[in-house]
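All remarks here apply to the structure that follows.
The values are calculated or read from the model by the stated rules, or taken from the named source; none is laboratory data. The structure presented is a predicted model; accordingly, all values stated were derived computationally and were not measured. These accessible areas exclude ligands, DNA and RNA; they are computed on the full protein's heavy atoms, side chains included. Shrake-Rupley method; radii C 1.70, N 1.55, O 1.52, S 1.80 Å.
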Amino acid sequence: MKPSQHNARILHAPTNIAGIAGLLAQAQRDLGFDATSVQYVANKYDFGTDRTLNLSRDDSPLKKIATTGSFALEAIRNYDVFHLYFG
């Protein structure tokens, strides 16, 4: 199968521990997949991610629920494969 024939849309989230999510998403794009890395909370280390939801540990629970809930609905509509990372 040629790389341009890959149809899987892949999401790597909600963290980018040591840059692994970002690196894997980039490698999958190099192979022709539609892959995206997303981190919910930005941190002081910029390992490289495609998108950040810009949440803070100090944000209110309501903001966290609204932001992550909205993103979850978006992700369900736009991705086929989910790689989830947690510390």
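Just to check I understand the Karplus step: with θ = phi - 60° and J = 6.51 cos²θ - 1.76 cosθ + 1.60, what whole-Hz values come out for the stretch 31-43, glycine and proline as x?
8, x, 7, 8, 10, 9, 10, 9, 10, 6, 10, 6, 10
Please give the calculated 222 nm ellipticity per residue for the chain, where each DSSP H segment of at least 4 residues contributes -39500 (n - 2.57) and the sum is spread over every residue; nearest 500 deg cm²/dmol? Spell out each step's value before the answer.
Details: 2 runs with 29 residues, N = 87.
Computed mean residue ellipticity for the chain: -11000 deg cm²/dmol.
For the chain, with all protein chains present and a 1.4 Å probe, just round the carbon and sulfur fraction of the accessible area to a whole percent.
58
Where is the GNM fluctuation largest for the chain (alpha-carbon springs, 10 angstrom cutoff): Ala25, Ala42, Ala66?
Of Ala25, Ala42, Ala66, the most mobile in the Gaussian network model is Ala66.
How many Å² of accessible area per residue for the chain, probe 1.4 Å?
Accessible surface, normalised per residue, equals 66 Å².
Which residues' amide hydrogens lie under 5 Å from the amide hydrogen of Ser37, considering only partners 5 or more residues apart or on another chain, with H built in the peptide plane?
His12, Asp50, Arg51
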